[in-house]
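Just below is one structure, and these are the notes that go with it.
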Amino acid sequence: MGVGSQNGITNISYTEFLLLPFPGMQESRHFLAIPFFGLFLFIISANSALIYTVRLQESLHSPMYLLIAFLFAVDICGTVTIVPKMLLSFMFQISHISLTACLVQMFFLYFTTVLDCNILLMMAFDRYVAICHPLRYPDIMTTKLMVLLTLASLFRSLCIVGPVVILASRVQFCHSNVISHFACEHMALMRLSCGDISINKTVGMAVRCIDIILDLSFLLTSYGKIVHTALKISSGNIRHKAFHTCGTHLIVILIGYSSRLSSSVVFRLAKSASQDVHNLISALYLLFPWAVNPIIYGVRTREIRDNLLKLFRRKQPPLGPFQATAVNQKC
């Protein structure tokens with residue numbers, strides 16, 4: 001741990017911390033590991049299966065499906081950032097984390113969360129061009145533009161999250177070295193500070209406003225124009241497909257942003273709730289969208305669903321002679 005001086009008084013600034021996911025349920029931590037481990041396996045396997053499907057099928061190599069696969073990859077990265085450390089704490093009480101590792105985890109946690117939002121913005125732009133300017137779609141949504149948009153999304157995420165983590169690295173932590181949370185979230189770490197963190201709170205609030213208010217306004221405006229254009233389409237089949245595709249994206253947007261909004265509202269209103277309740281809400285707001293995204297796209301997107309089923313059928317072992325005879329007799 002480092003040593004700092006403030007107003008002539010020597011203060012200890014901790015550089016090693018303990019992550020306690022659910023501090024009031026330490027005796028039941030082994031049981032808590034079961035649902036979180038199951039959720040971890042589901043998120044990894046479901047998202048990986050759909051990424052593999054998009055990668056393998058050339059018919060899915062269009063911008064929309066590549067963006068969906070990109071979203072799945074980011075969700076896997078976000079899950080790997082926080083859940084393994086949580087499971088180690090549950091199962092083996094390996095809760096120690098250095099300040100550097102804590103800041104790295106904080107960075108990747110918020111980087112993947114913001115990148116999720118940026119991918120949704122890219123999807124909205126893709127659908128806007130496809131429905132509002134269908135004849136120009138191949139000329140606009142080129143590979144070059146996709147690469148530029150991806151790089152811009154990565155850079156934007158870095159610019160939003162970077163200042164939060166840099167400011168957090170300059171804070172002194174002398175209240176305690178116990179982080180009563182499953183991850184190094186910004187406010188969970190700031191509670192341990194012993195100096196003025198008003199600028200940290202201001203920057204954190206600004207990030208929330210950009211993430212929720214600004215981006216959500218752009219998304220709603222884009223899909224509003226898409227719906228307005230789709231209503232003018234004379235062909236019933238094309239209009240239905242447009243609504244179905246955009247409806248799938250809107251469900252994902254609704255789940256993601258409602259989870260983030262609910263966590264912010266509960267955190268500020270339910271001050272009397274226990275830390276375990278707040279941690280559970282945080283876990284749901286982070287993990288729930290990552291778990292349901294592959295279900296939504298896998299069930300509602302016919303092209304992904306059909307190709308995924310084809311892959312599973314190919315992997316089934318061929319019938320032996322006796323099994324084939326029995327099947328033929330039943331038929």
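Computed from the coordinates by the stated procedures, all read-outs in this text should not be read as laboratory data. If you're wondering where the values come from, they're calculated on a predicted model, not measured in any experiment. Note: ideal-geometry Cβ built from the backbone for every residue, glycine included; neighbour counts use all protein chains shown.
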| query | With the chain treated as a Gaussian network of Cα nodes joined by springs under 10 Å, which of Ser45, Ser59, Ser282 yields the largest mean-square fluctuation? | reply | Ser59
| remark: Comparing Ala291, Ala183, Ala206 in a Gaussian network model of the chain (Cα, 10 Å), the one with the largest mean-square fluctuation is Ala206
| field | Sum of -39500 (n - 2.57) over DSSP H runs of 4+, divided by residues of the chain (222 nm, nearest 500) | value | -25000 deg cm²/dmol
| field | Most positive-pole-ward Cα, Leu109, Phe125, Ser274, against dipole of the chain from beta carbon charges | value | Phe125
| query | By how many degrees, between 0 and 90 and to the nearest 10, does the Cα long axis of helix 63-92 differ from the longest principal axis of the chain? | reply | 40 degrees
| request: Among DSSP beta bridges lying fully in the chain, give the percent that are antiparallel, nearest 5. | output: 80 percent
| said: Angle check, please: helix 302-315 long axis (alpha carbons) against the longest principal axis of the chain (alpha carbons), in degrees 0 to 90, nearest 10. | reply: 90 degrees
| field | For the chain, size of Cβ-based charge dipole, Lys and Arg +1, Asp and Glu -1, in debye | value | 1000 debye
| request: Measure nothing fancy, just the Cα-based angle from helix 29-56's long axis to the longest principal axis of the chain, in degrees from 0 to 90, nearest 10. | output: 40 degrees
| query | Taking other Cβ within 10 Å of each residue's Cβ, how do Leu254, Leu308, Leu71, Leu135 sort, fewest first? | reply | Leu135, Leu254, Leu308, Leu71
| field | Computed over the chain, Kirkwood Rh from alpha-carbon pairs, angstrom | value | 22.3 Å
| said: Within a 10 angstrom radius of the beta carbon, how do Asp306, Asp196 rank from fewest other beta carbons to most? | reply: Asp196, Asp306
| task | Find how much the distance from Val277 to Phe218 grows on full extension, using 0.36 nm per residue of separation minus their present alpha carbon separation; answer in nm with one decimal. | result | 18.0 nm
| query | Most exposed first by the Cβ proxy, i.e. fewest other Cβ within 10 Å, how do Glu58, Glu303 rank? | reply | Glu58, Glu303
| task | Select from Ile160, Ile76, Ile34 the residue whose mean-square fluctuation is largest in a Gaussian network model of the chain (Cα-Cα springs shorter than 10 Å). | result | Ile34
| At Ile94 and Ser193, where each label point lies 7 Å from the Cα along Cα→Cβ, what is the point-to-point distance in nanometres? | 3.1 nm
| note | If the chain between Ala73 and Ser48 were fully extended at 0.36 nm per residue, the gain over the current Cα-Cα distance would be 8.2 nm
| Counted charge near Phe111, where neighbours are those whose Cβ lies closer than 14 Å (Asp, Glu -1; Lys, Arg +1) | -3
| field | In Hz, Karplus ³J(HN,Hα) per residue of the range 163-169 (6.51, -1.76, 1.60; θ = phi - 60°; x = Gly, Pro) | value | x, 4, 6, 4, 5, 5, 5
